[in-house]
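Visitor: Please read through the structure below; I'll follow up with questions.
The values are calculated or read from the model by the stated rules, or taken from the named source; none is laboratory data. Every value quoted in this text rests on a predicted model; they were computed, and no experiment measured them. So basically every Cβ, Gly included, is an ideal-geometry build from the backbone, and we count neighbours across all protein chains shown.
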Amino acid sequence: MYCGLPIKPPIFEIGPKSYLYGDDVLALAVAADAAAAKYGVSVIFTTPYCDIRMVAKATRHLFVFAPHMDQLTVGRGLAEILPESIKAAGAVGVMLNHSERPLAISVLNKTILRADKLGLLSIVCADSIAEAKAVACLEPNIVVAEPTELIGTGKASDMGYVEASMKAVKSINSQILVVEGAGISSGADVYNVIYAGADGTGSSSGIALAKDRPAMVDEMIKAVREAWDARGN
């Protein structure tokens, strides 16, 4: 769990996954960095492993996260993702339990504890309200509530789901931040989710597959700020 967490809402998370690599990841990160500064939004950039160091060195306003890590300690563990290595590369946090890299609850618990011990922030995905509540009991810094069936579809969660998943997590620990994801494909989607009460939202394919990625990043991060301000925060 966090105490004096350096990342504050409103939050926007960008995850290029494997849609982009190399220079394209860097260009997207630079655009996101500019928008984060322009609109005063906390932007998490969940960076492919090979690009973490490059992105961390080239940006000033992003929270650079790794897309996964393993719970192993320094020593044996060929091809596993060592937590110390992602921190040394410049990551300040890690995403865990994404639907494309799910973890058993016992493994997830130990991996969150490893992140805590190293001072890495943890953002943990949950694909249902029940799972979001269970994940909250493990005390990550951030819970991503995103129904798996909506990921990559361009169809966002309905506002009832947003409100229910927020309530579920906050009922366990009000300090855990909640990012509502899945299917976010426009500034309008972003605005609706933030205005409905979420601490943040995010997008992967909606940005990575856009014809003009920098313009889409700016549109979405601007919408975060506008919706957050409209809520009276």
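Visitor: For region 63-85, indicate whether the set of residues that are surrounded by 15 or more Cβ atoms within 10 Å (Cβ to Cβ), at pLDDT below 95 and among the aliphatic types (A, V, I, L, M) is non-empty.
Guide: Looking for residues that are surrounded by 15 or more Cβ atoms within 10 Å (Cβ to Cβ), at pLDDT below 95 and among the aliphatic types (A, V, I, L, M), one finds at least one in region 63-85, hence yes.
Visitor: Run down V193, V224 and say which single residue is over 18 Å from L20 (Cα atoms), modelled with pLDDT under 95 and β-branched (V, I, T). Explain how you work it out, then say what you get.
Guide: Details: V224 fails: modelled with pLDDT under 95.
On inspection, the qualifying residue turns out to be V193.
Visitor: Also, quick follow-up: Restricting attention to region 26-62, which residues are assigned to a loop (DSSP other than H, G, I, E, B) and either touching a residue at least 60 places away in the same chain (Cβ under 8 Å) or of a type in the set (K, R) (or both)? Give the steps one after another, and end with the answer.
Guide: The initial filter retains those residues of region 26-62 that are assigned to a loop (DSSP other than H, G, I, E, B), namely 40-41, 47-48, 59-61.
Matches in region 26-62: G40, V41, R60.
Visitor: Within region 132-142, can one find any residue that is charged (D, E, K, R), at pLDDT below 90 and either over 17 Å from Y39 (Cα atoms) or not in a helix (DSSP H, G or I) (or both)?
Guide: Narrowing region 132-142 to residues charged (D, E, K, R): 133, 139.
Now restrict to residues that are at pLDDT below 90: none.
No, there is no match, as no residue in region 132-142 is charged (D, E, K, R), at pLDDT below 90 and either over 17 Å from Y39 (Cα atoms) or not in a helix (DSSP H, G or I) (or both).
Visitor: Right, next: Here are the criteria: (1) assigned to a helix (DSSP H, G or I); (2) buried (at least 18 other Cβ atoms within 10 Å of the Cβ); (3) at pLDDT 90 or above. Tell me which single one Y161 does not satisfy.
Guide: Looking at each condition in turn, Y161 falls short on (3).
Visitor: Based on what the data block shows, is R53 among the basic types (K, R) and either under 17 Å from the mean Cα position of the chain (by Cα) or at pLDDT 95 or above (or both)?
Guide: yes
Visitor: State yes or no: is V25 surrounded by 14 or more Cβ atoms within 10 Å (Cβ to Cβ), modelled with pLDDT of 95 or more and either under 21 Å from A126 (Cβ atoms) or touching a strand residue (DSSP E or B) at 6+ places or on another chain (Cβ under 6 Å) (or both)? Explain how you work it out, then say what you get.
Guide: Working: surrounded by 14 or more Cβ atoms within 10 Å (Cβ to Cβ): yes; modelled with pLDDT of 95 or more: yes; either under 21 Å from A126 (Cβ atoms) or touching a strand residue (DSSP E or B) at 6+ places or on another chain (Cβ under 6 Å) (or both): no.
No, not satisfied.
Condition check ((1) over 23 Å from G232 (Cβ atoms); (2) assigned to a helix (DSSP H, G or I)) across all residues:
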| site | (1), (2) |
| --- | --- |
| S185 | yes, no |
| D189 | no, yes |
| I194 | no, yes |
| A198 | no, no |
| A210 | yes, no |
| A215 | yes, yes |
| D218 | yes, yes |
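Visitor: Here is a further query. If you go through region 35-44 one residue at a time, do you hit one that is hydroxyl-bearing (S, T, Y) and touching a strand residue (DSSP E or B) at 6+ places or on another chain (Cβ under 8 Å)?
Guide: yes
Visitor: Considering only residues that are touching a Ser or Thr at 6+ places or on another chain (Cβ under 7 Å) and in contact (Cβ under 8 Å) with a residue 24 or more places away in the chain, look in region 92-115 and name the one that is surrounded by the fewest Cβ atoms within 10 Å (Cβ to Cβ). Even if it seems obvious, please write down each step before you answer.
Guide: From region 92-115, those touching a Ser or Thr at 6+ places or on another chain (Cβ under 7 Å) are 93-96, 99, 103, 112, 115; that's our starting set.
Applying the additional criterion that residues be in contact (Cβ under 8 Å) with a residue 24 or more places away in the chain yields 93-96, 99, 112, 115.
Numbers: G93: 25, V94: 26, M95: 23, L96: 26, S99: 14, I112: 24, A115: 25.
For region 92-115, the residue satisfying everything is S99.
Visitor: When you check V124 against the structure, is it at pLDDT 95 or above and crowded, with 24+ Cβ neighbours inside 10 Å, yes or no?
Guide: On the way: at pLDDT 95 or above: yes; crowded, with 24+ Cβ neighbours inside 10 Å: yes.
Answer is yes for this residue.
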